[in-house]
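Take a look at the structure below.
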Amino acid sequence: MTSHERVRVKGIQIHRPVIYGNTAVLLTPEQRKLLTSPDHTHRWTVAVRSAASSDKSDQVGGADDITHFIKRVSFKLHETYPNPLRNVEKAPFEVTETGWGEFEIQIKITFVQEAGERTITLYHHLKLHPWTATGPDLVEAPPPDEAAKAGPVHSWQYDEVVFTDPYQNFLNTLTLHPPTSLPRTRRKPVPFHLSNNTLTALEASKGGTPEFNKEMEMEERARLERARQQVLAEREKILASNAKKERELEQLKKDLGD
Ligand code: SLL
């Protein structure tokens with residue numbers, strides 16, 4: 001490698017959309033009998049993937065190759081699992097297991113050496129049970145026998161890996177592999193069980209595989225903006241109240257001095 005390739009391109013930020021999370025299915029009694037641990041109730045897959053979904057598969061995300069920037073993903077499972085630290089050195093960056101309980105999974109992403117980036121750590125709460133929510137449009141958690149029919153449970157988080165002042169060489173590699181852009185709106189009437197559960201009972205009843213799209217990104221942006229405005233308003237209030245107290249204090253001091 002020549003020295004100019006190790007030069008960082010200042011002022012450039014390039015990002016790559018990824019998702020991390022899990023899919024889980026309830027096992028049937030027959031499937032459970034075949035397991036070495038028949039007390040396990042679910043089969044699940046935790047993964048790090050590109051955000052866009054391929055229209056040729058039923059998988060959430062994963063349309064693009066991410067190995068040109070991700071070298072390894074380490075998934076740290078609950079200590080009830082044998083060898084809980086699972087290092088995945090090649091795509092697909094995922095672990096499939098069976099189990100009975102939900103727990104927090106630590107996900108460490110190591111970038112390719114050329115990126116010159118530090119490892120990042122993410123956390124994902126493994127989700128096995130259907131989302132519960134109440135309200136006019138929202139679904140109730142179905143009993144176990146119906147949960148099996150309702151299909152897989154999905155819990156995925158969208159994120160963007162940002163490379164700031166990337167090395168020229170690495171920047172070239174990234175530009176050679178542009179990410180598939182997300183569909184503008186939902187292509188299929190599918191449930192997407194986000195924590196802020198926005199799915200209607202009708203959508204839930206249709207089942208299917210969720211996918212991220214730009215509309216969701218825009219909604220998220222609007223939610224963040226509303227939250228930002230609230231924080232600003234709250235801050236103004238506190239500042240005003242502090243100023244008032246300061247004035248009162250000054251007055252009290254003056255009165256005492258008199
Ligand atoms: C809970 N705090 O009590 C969680 C722990 C542990 C999950 C969940 C099986 C491990 C194995 C498994 O599902 N562990 O038998 O290999 O809900």
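The values are calculated or read from the model by the stated rules, or taken from the named source; none is laboratory data. What you see is a predicted model, and the numbers here were worked out from it, not measured in a lab. Don't worry about glycine lacking a Cβ; one is built from the backbone with ideal geometry, like all the others, and counts go over all protein chains shown. Calculation scope for accessible area: heavy atoms of the full protein, side chains included, ligands and nucleic acids excluded. Shrake-Rupley method; radii C 1.70, N 1.55, O 1.52, S 1.80 Å.
Tell me the net charge near Gln229. Cut-off is 14 Å between Cβ atoms, Gln229 excluded, with +1 for each Lys or Arg and -1 for each Asp or Glu.
Details: positive: Arg221, Arg223, Arg226, Arg228, Arg235, Lys237; negative: Glu225, Glu234, Glu236.
Neighbourhood net charge equals +3.
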Task: Electrostatic dipole magnitude of the range 1-95 [Cβ: Lys, Arg +1; Asp, Glu -1; Cα centre; debye, to 20] - done: 400 debye
- [ ] State the percentage of accessible surface on the range 213-258 attributable to carbon and sulfur atoms; use a 1.4 Å probe and exclude ligands, DNA and RNA.
- [x] 58 percent
Open item on the list: At 1.4 Å probe size, what's the solvent-accessible area of Tyr158? Round to the nearest 10 Å².
Closed with: 50 Å²
Task: Spread of Cα-to-Cα distances over 10 Å intervals beginning at zero, given as percent, for the range 213-258 - done: 25, 23, 18, 16, 11, 6, 2
Task: Accessible surface, 1.4 Å probe, highest first, among residues Asp65, Asp165 - done: Asp65, Asp165
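Sum up the charges of everything whose Cβ sits under 13 Å from the Cβ of Asp255, counting Lys and Arg as +1 and Asp and Glu as -1, but leave Asp255 out. Could you put the intermediate results ahead of the total?
Details: positive: Arg247, Lys253, Lys254; negative: Glu248, Glu250, Asp258.
Within the 13 Å Cβ shell, the charges total 0.
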- [ ] Please list the non-local residues whose amide H lies under 5 Å from the amide H of His15, H modeled 1.01 Å from N, same-chain partners needing a gap of 5 or more.
- [x] Phe163
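In what sequence, largest accessible area first, do Arg228, Arg184, Arg86, Arg49 appear using a 1.4 Å probe? Please list the in-between numbers first.
Working: Arg228 125, Arg184 185, Arg86 50, Arg49 25 Å².
In descending accessible area the options line up as Arg184, Arg228, Arg86, Arg49.
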Open item on the list: Given a 1.4 angstrom probe, what's the average accessible area per residue across the range 12-125, in square angstrom?
Closed with: 52 Å²
Task: Largest-first ordering by accessible area, 1.4 Å probe, given options Lys56, Lys76, Lys33, Lys237 - done: Lys56, Lys33, Lys237, Lys76
TODO: Report Thr28's accessible area, 1.4 Å probe, all protein chains in place, as a number in Å² to the nearest 10.
DONE: 60 Å²
TODO: Could you compute the FRET efficiency for Glu104 and Leu249, with r as their C-beta to C-beta distance and R0 at 35 Å, rounded to 0.05?
DONE: 0.15
Open item on the list: Residue by residue through the range 37-54, what is 3J(HN,Hα) from phi via Karplus (6.51 cos²θ - 1.76 cosθ + 1.60, θ = phi - 60°)? Round to whole Hz and write x for glycine and proline.
Closed with: 10, x, 6, 6, 9, 10, 10, 9, 10, 9, 8, 10, 9, 5, 6, 6, 9, 7
TODO: Please work out the average accessible area per residue across the range 213-258, using the 1.4 Å probe convention, and give it in Å².
DONE: 93 Å²
TODO: Enter the accessible area of Ser181 (Å², nearest 10), with the probe set to 1.4 Å and all protein chains included.
DONE: 80 Å²
